[in-house]
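Below: one structure, written as structure tokens.
The values are calculated or read from the model by the stated rules, or taken from the named source; none is laboratory data. Bear in mind that the values here come from a model prediction, so they are computed numbers and not experimental data. With ideal geometry, Cβ positions are generated from the backbone for all residues, glycine too; neighbour counts draw on all protein chains shown.
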Amino acid sequence: MTRDAFPADVSRAKTGPTDAFRANGVASPVAVKICGIRDQQTLRKMAGLPVDYVGFVFAPSRRRVTAEEFAALADCARSVPMAGGRPPRTVGVFVNPSMEELELAVRLSRLDVVQLHGTETPDFCREAASRFGVAVWRALNAEEAAPAGGEGQTDESTAESRMTGAGRPGPDGILAAYRGAAEAVLLDTGGGGTGRTFSWDVIPAWKEAARRHGLKLFVAGGLTPDNVRALIDAYGPDGVDVSSGVETDGRKDIGKIAAFVERVKQE
């Protein structure tokens with residue numbers, strides 16, 4: 001299937017709440033993604049909140065949705081005004097998907113962003129973006145890289161060796177291969193979905209490398225309404241991603257979602 005098969009998706013991939021990012025050195029509100037949405041009621045309760053992205057998990061997880069369930073949820077999301085009075089962009093979270101799996105999710109309900117958490121290579125990211133006209137975000141283990149200033153090449157073979165465990169390039173060596181292949185990188189704890197924070201002092205090196213290679217930087221991992229403002233004030237990421245930090249007893253809590261978003265967007 002070619003990119004031309006998804007003209008509406010190409011258009012959507014080029015629009016939406018991109019003004020939430022910090023671009024050209026001008027500070028803009030930090031983008032918010034609420035991940036792990038499973039029911040339409042939660043989406044409807046989020047009406048009016050300045051949420052930029054809503055995430056749906058396709059990978060094995062207690063929050064997993066099928067492609068068919070996602071189609072209904074995405075239709076609901078497009079009817080709910082959130083950031084800027086617009087519907088949020090939809091993000092599908094995958095671990096080592098096939099191109100056929102991605103095609104189904106995009107075709108059923110015009111998925112806006114593909115977020116990859118497995119061992120997907122830069123070439124895979126580039127092909128997905130080109131074939132389906134979607135933005136691609138690459139999730140990475142924030143603490144997997146060598147310390148800033150460590151040795152590491154900056155070509156795609158370096159990223160490939162990182163994924164197979166051979167050597168530990170620094171953030172610049174890792175992100176160089178994703179230049180032009182992904183729109184954003186998402187720093188997370190381990191493989192993601194742990195609900196635990198990582199050591200935030202690694203963020204500056206990743207942020208500098210992301211800027212150098214034209215990538216946006218999202219941060220996830222153990223964020224809550226209580227700690228997200230400290231993260232933003234200290235490190236200024238382009239966006240933040242939360243799931244378990246806005247849940248009570250394993251279910252999305254609209255009070256926690258509202259508190260999280262308010263603390264992200266406060267002046």
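Please state which of the following conditions Asp226 fails to meet, knowing it meets all the rest: (1) part of a loop (DSSP other than H, G, I, E, B); (2) surrounded by 16 or more Cβ atoms within 10 Å (Cβ to Cβ); (3) modelled with pLDDT of 95 or more. So Asp226 meets the others, but not (2).
Can you pull out every residue in the stretch 49-78 that is β-branched (Val, Ile, Thr) and either buried (at least 24 other Cβ atoms within 10 Å of the Cβ) or farther than 17 Å from Ser244 by Cα (or both)?
Going residue by residue through the stretch 49-78, those that are β-branched (Val, Ile, Thr) are 51, 54, 57, 65-66.
Once the filter is applied, which keeps residues that are β-branched (Val, Ile, Thr) and either buried (at least 24 other Cβ atoms within 10 Å of the Cβ) or farther than 17 Å from Ser244 by Cα (or both), the stretch 49-78 yields Val51, Val54, Val57, Thr66.
Under the condition of being at pLDDT 90 or above, among the hydrophobic types (A, V, I, L, M, F, W, C), assigned to a loop (DSSP other than H, G, I, E, B) and out of contact with any strand residue (DSSP E or B) (no Cβ under 6 Å at 6 or more places or on another chain), the residues counted in the stretch 121-179 number 1. Here are Met46, Met1, Met82: which of them is modelled with pLDDT under 90, of a type in the set (A, V, I, L, M, F, W, C) and either within 17 Å of Val246 (Cβ to Cβ) or over 18 Å from the mean Cα position of the chain (by Cα) (or both)? Going through Met46, Met1, Met82 in turn, the sole match is Met1.
Scan the stretch 76-95 for residues that are small (Gly, Ala, Ser) and assigned to a loop (DSSP other than H, G, I, E, B) and report the count.
At the first step, the residues of the stretch 76-95 found to be small (Gly, Ala, Ser) are 77, 79, 83-85, 92.
Narrowing further to those that are assigned to a loop (DSSP other than H, G, I, E, B): 79.
Summing the residues that are small (Gly, Ala, Ser) and assigned to a loop (DSSP other than H, G, I, E, B) in the stretch 76-95 gives 1.
In the stretch 229-238, how many residues are in a helix (DSSP H, G or I) and either among the polar types (S, T, N, Q) or closer than 29 Å to Arg64 by Cα (or both)? First the steps, then the outcome.
Of the stretch 229-238, the ones in a helix (DSSP H, G or I) are 229-235.
Retained after the next criterion (residues that are either among the polar types (S, T, N, Q) or closer than 29 Å to Arg64 by Cα (or both)): 229, 231-232.
The total comes to 3.
Go through the stretch 201-223 and count every residue that is under 18 Å from Ala31 (Cβ atoms) and either acidic (Asp, Glu) or in a helix (DSSP H, G or I) (or both).
We begin by selecting, within the stretch 201-223, every residue under 18 Å from Ala31 (Cβ atoms); these are 203, 206-207, 210-211, 214-221, 223.
If we keep only those that are either acidic (Asp, Glu) or in a helix (DSSP H, G or I) (or both) too, we end up with 203, 206-207, 210-211.
Final tally of qualifying residues: 5.
Considering the conditions (1) small (Gly, Ala, Ser); (2) closer than 28 Å to Arg263 by Cβ; (3) at pLDDT 95 or above, Ser61 is excluded by exactly one of them, (3).
Would you confirm, using the coordinates I've provided, whether Asp9 is touching a Phe, Trp or Tyr at 6+ places or on another chain (Cβ under 7 Å) and either modelled with pLDDT under 90 or of a type in the set (S, T, N, Q) (or both)? So Asp9 passes the test.
Against the numbered list (1) in a strand (DSSP E or B); (2) more than 23 Å from Val114 (Cα to Cα), Asp241 comes up short only at (2).
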